[in-house]
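All remarks here apply to the structure that follows.
The values are calculated or read from the model by the stated rules, or taken from the named source; none is laboratory data. Here the structure is a predicted model, which is why all the values come from computation and not from measurement. Cβ placement follows ideal geometry from the backbone for every residue including glycine, while neighbour counts extend to all protein chains displayed. SASA here: full protein model, heavy atoms, side chains in, ligands and nucleic acids out. Shrake-Rupley method; radii C 1.70, N 1.55, O 1.52, S 1.80 Å.
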Amino acid sequence: MGEKRNALVTIGLISAIILILTVADFMHEDRLFSDTENRVLASKPTFSAQALFEGDYTQKYETYVTDQFVSRDKWIGMNTYMDIVLQKQEIGGVYLGAEGYLIEQHLPEKYTQEQETKRLDLLEKLVDRWDAMVMLVPTADNILMEQMPANAPYYDEAAFLAQAEERIGSEHMVDVYTMMQEHAGEEIYYRTDHHWTSLGAYYGYLAWAEAMGISAQDYDVNGMETAADDFLGTLHSKVNLEMSGEKMQFFPETTSRPVKVTYDLKNTTDSLYERTHLDTKNKYAFFMDDNHAFVEIETGYHNGKVLFVLKDSYANCFVPLLLPHYEKIYVMDLRYFNGRLYGFMEKYEPEEGMDVLVLYNCIHFLEGFSYMQ
């Protein structure tokens, strides 16, 4: 009788918890955006018999319930602490690294030879047409080996970069990998975010200048200005642990001359930095006002040189370092551009030609580099 009573009490408690959470779920309003995760949350899908039978409705509804679950952020944090107690090395696609590093996981089986070939085919065509330089930046899991968990699997970006070099030629490759390896003991990646820091971007800039055969600007790495000291990035959002914020810095030399910056052919400003984002969760948007389809920069340096950059968000803290080298810089994020690329670029190419730079981290390149010729 005692065991039966205990079972009934347990069932009653579980049922009560489910009922309370269900009622709370119905009572709370849906959220449009998660500041913690810096993304738009799923909205309730529209029901139809066709969507139900095809399985589309149930899949979308499951995503909706997951996104809108009451106190979702707190549950993520609680789940993370339980995983830590169980001594897990990886949580939600994030490695718990040494020295407080959160490192994004990229499993080798996720990136196939077919995927590599598809991206490199597009890259080779672009390099042949525009004589472009290519910077494919390694992610932290390939560089911060001392911070990685023991025996943690990772996609071998060095091998992929060797493929890329074979396809387009070493004269078109910027060797960022070696440069980042040489400075692996420094703060070249954020601890809570998947981006490289401004210091990491600076070392990438030195590698670019060397590959271009030009003299690098004399930036003072000890004189960087702190934009925020409470930055918690995208990887922190995935695990939602109690962590101290970290510094997000930039080079004040990049603000020494006036610039004219036009975003998406309409909004004009006089800075590559947008301080309003420092009061939000998405502080990295401080660099170049987050991501835009197209950015036009008039640098104030009248040397007649033009650069066209095809990029992901790694370029946002890198592009300001290029100001002294060009009179005009055009920056395109292909994720937000739907037209034909070559025709668009030709509109901005002066008669004497222009430099073209492809700047992605290796993973973003494999997952998203695509364009219509």
Looking only at region 320-336, filter to residues that are hydroxyl-bearing (Ser, Thr, Tyr) and closer than 22 Å to Gly353 by Cβ; which one of those is most open to solvent (accessible area, probe 1.4 Å)? Tyr330
How many of the residues in region 99-127 are in a helix (DSSP H, G or I), touching a residue at least 12 places away in the same chain (Cβ under 8 Å) and either within 29 Å of Met212 (Cβ to Cβ) or acidic (Asp, Glu) (or both)? 10
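Kindly indicate whether any position in region 276-284 is among the β-branched types (Val, Ile, Thr) and more than 21 Å from Cys362 (Cα to Cα). If you could, list the steps in order and put the result at the bottom.
Taking region 276-284 as the starting set, the residues that turn out to be among the β-branched types (Val, Ile, Thr) are 276, 280.
Within this subset, residues satisfying the condition of being more than 21 Å from Cys362 (Cα to Cα) are 276, 280.
Within region 276-284, one or more residues are among the β-branched types (Val, Ile, Thr) and more than 21 Å from Cys362 (Cα to Cα).
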So the check is Cβ under 9 Å with 6+ separation or different chains; which pairs have a first residue in region 163-174 that's touching a residue at least 12 places away in the same chain (Cβ under 8 Å) and a second one that's open to solvent by 70 Å² or more (accessible area, probe 1.4 Å) and assigned to a helix (DSSP H, G or I)? Ile168/Asp128; His172/Glu165; Met173/Glu165; Val174/Glu210
Could you check how many residues of region 162-200 are in contact with a strand residue (DSSP E or B) (Cβ under 6 Å, 6 or more places away or on another chain), in a helix (DSSP H, G or I) and among the β-branched types (Val, Ile, Thr)? 1
Restricting attention to region 232-242, does a residue exist that is crowded, with 20+ Cβ neighbours inside 10 Å and closer than 25 Å to Val309 by Cα? yes
Of all residues in region 284-319, how many are of a type in the set (Lys, Arg) and either under 14 Å from Thr269 (Cα atoms) or open to solvent by 20 Å² or more (accessible area, probe 1.4 Å) (or both)? 1
Which ones in region 235-255 are at pLDDT 95 or above and among the polar types (S, T, N, Q)? Gln249, Thr254, Thr255
Flagged in region 337-373 as open to solvent by 30 Å² or more (accessible area, probe 1.4 Å), assigned to a helix (DSSP H, G or I), more than 27 Å from Asp141 (Cβ to Cβ) and not charged (D, E, K, R), in numbering order, are Gly343, Phe344, Tyr348
Return a yes/no flag: does region 269-278 have any residue that is in contact with a strand residue (DSSP E or B) (Cβ under 6 Å, 6 or more places away or on another chain), free of Cβ contacts under 8 Å to residues at least 60 places away in the same chain and exposed (fewer than 15 other Cβ atoms within 10 Å of the Cβ). yes
Exactly one condition in (1) free of Cβ contacts under 8 Å to residues at least 60 places away in the same chain; (2) not in a helix (DSSP H, G or I) is false for Tyr203; which is it? (2)
State all residues of region 245-268 that are out of contact with any strand residue (DSSP E or B) (no Cβ under 8 Å at 6 or more places or on another chain) and surrounded by fewer than 14 Cβ atoms within 10 Å (Cβ to Cβ); if no residue qualifies, say none. Ser256, Arg257, Pro258, Lys266, Asn267
Does Glu166 satisfy the criteria of being more than 18 Å from Leu366 (Cα to Cα), open to solvent by 20 Å² or more (accessible area, probe 1.4 Å) and modelled with pLDDT of 95 or more? no
Which of the residues spanning region 298-343 are within 12 Å of Tyr360 (Cβ to Cβ) and of a type in the set (Val, Ile, Thr)? Val309
Consider Glu171 carefully, then state whether it is open to solvent by 40 Å² or more (accessible area, probe 1.4 Å), modelled with pLDDT of 95 or more and either farther than 24 Å from Phe318 by Cβ or among the aliphatic types (A, V, I, L, M) (or both). no
